[in-house]
1. Looking only at the stretch 34-92, how many residues end up being outside any helix (DSSP H, G or I), within 18 Å of the chain's Cα centre (by Cα) and of a type in the set (Lys, Arg)?
2. Would you pick out the residues in the stretch 4-33 that are among the aliphatic types (A, V, I, L, M) and either in a strand (DSSP E or B) or over 17 Å from Thr93 (Cβ atoms) (or both)?
3. Is it true that Ala233 is closer than 29 Å to Asn101 by Cβ and not aromatic (Phe, Trp, Tyr)?
4. What's the number of the only condition in (1) in a loop (DSSP other than H, G, I, E, B); (2) open to solvent by 60 Å² or more (accessible area, probe 1.4 Å); (3) over 25 Å from Ala144 (Cα atoms); (4) of a type outside the set (Val, Ile, Thr) that Pro241 fails to meet?
5. For the stretch 160-175, state whether one or more residues are under 28 Å from Leu250 (Cα atoms), crowded, with 19+ Cβ neighbours inside 10 Å and at pLDDT below 95.
6. Out of everything in the stretch 102-126 that is over 15 Å from Leu91 (Cα atoms) and more than 23 Å from the chain's Cα centre (by Cα), what residue ends up being least open to solvent (accessible area, probe 1.4 Å)?
7. Mind listing whichever residues of the stretch 1-14 are exposed (fewer than 11 other Cβ atoms within 10 Å of the Cβ) and either aromatic (Phe, Trp, Tyr) or touching a residue at least 12 places away in the same chain (Cβ under 8 Å) (or both)?
8. Which of the residues belonging to the stretch 127-153 are farther than 14 Å from Pro116 by Cβ and loosely packed, with under 15 Cβ neighbours inside 10 Å?
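The values are calculated or read from the model by the stated rules, or taken from the named source; none is laboratory data. Just so it is clear, the structure is predicted and the values come from calculations on it, not from any experiment. Neighbour counts run over all protein chains shown; Cβ positions are idealised from the backbone, glycine included. Please note that ligands, DNA and RNA were not included when accessible areas were found on the heavy atoms of the full protein model with its side chains. Shrake-Rupley method; radii C 1.70, N 1.55, O 1.52, S 1.80 Å.
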Amino acid sequence: MDAPLVSMRDVRKSFGSFHALSGVSLDVAAGEVLCIIGASGSGKTTLLRCINQLVELDSGAIWIDGELIGYRTHNDRLYPLGEKEIARQRLKTGMVFQRFNLFPHMTALENLMEGPVQVLRRDKAEATREARELLERVGLSGKAQSFPADLSGGQQQRVAIARALAMRPKLMLFDEPTSALDPELVGEVLAVMKELAVSGMTMMVVTHELNFAREVADRVVFMDHGLIIEAGAAAQVLGSPREARTRAFLAAVLG
């Protein structure tokens, strides 16, 4: 059996007296789409931010593609990595946030090219060609020269997804990517994410869009108070959950 692309073991993180993650262990296979659901404050976003090293673990360990992240080992001891090494490791993941975080002074095309050219030192002509292909992939080939202020929220989020893909990550992390959008714009972003899933991209998606999770996810994880309460196939967790806390959450969400 192939090693998982993401492996988390007993990951813990507190903010003061608040235990955001209370011992999370989870594996994600290459090509898998994992949706993470749960109430606000259950630890979903912190989980993603730990994987992307935006939040430092208190304890536990995470491996991506077989590499321990955030630390190196020497004589059975752990030593924190420097910023340069963390930045290198972070290139394995692309993260899409609730807010789009585009560079407002750059066009859509320039937003996509910035990372490949400045960080990865790719040839500018190659980066331009790939950026245009990615804009076409997310349905925005006609918006290459548009600035973020001239785009709808849904269009900005699709540019943000394309910008993450431009770095050729092995793993895409989505933190409630539709929560800041007007309802009529949600579908266009979910359609791009569905296409990504079909293409074989490994995805971890924090979402309240249960229909999307039911349709696209290979597995669904339900979190509560910093713990994974239930995990399994989407049809099982969303259709016939075993745990009372999962049933109560779904009943509250679905009415």
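1. Number satisfying all stated conditions: 1.
2. Narrowing the stretch 4-33 to residues among the aliphatic types (A, V, I, L, M): 5-6, 8, 11, 20-21, 24, 26, 28-30, 33.
The answer is Val6, Met8, Val11, Ala20, Leu21, Val24, Leu26, Val28, Val33.
3. Details: closer than 29 Å to Asn101 by Cβ: no; not aromatic (Phe, Trp, Tyr): yes.
When the stated conditions are applied, Ala233 does not pass them.
4. Of the numbered conditions (1) in a loop (DSSP other than H, G, I, E, B); (2) open to solvent by 60 Å² or more (accessible area, probe 1.4 Å); (3) over 25 Å from Ala144 (Cα atoms); (4) of a type outside the set (Val, Ile, Thr), the odd one out for Pro241 is (2).
5. No, the stretch 160-175 contains no residue that is under 28 Å from Leu250 (Cα atoms), crowded, with 19+ Cβ neighbours inside 10 Å and at pLDDT below 95.
6. Of everything passing the filter in the stretch 102-126, Thr107 is least open to solvent (accessible area, probe 1.4 Å).
7. Residues of the stretch 1-14 that are exposed (fewer than 11 other Cβ atoms within 10 Å of the Cβ), as a first pass: 1-2.
Answer for the stretch 1-14, where residues must be exposed (fewer than 11 other Cβ atoms within 10 Å of the Cβ) and either aromatic (Phe, Trp, Tyr) or touching a residue at least 12 places away in the same chain (Cβ under 8 Å) (or both): just Asp2.
8. From the stretch 127-153, those farther than 14 Å from Pro116 by Cβ are 136-153; that's our starting set.
Glu136, Ser141, Gly142, Gln145, Ala149, Asp150, Ser152 - these are the residues of the stretch 127-153 that are farther than 14 Å from Pro116 by Cβ and loosely packed, with under 15 Cβ neighbours inside 10 Å.
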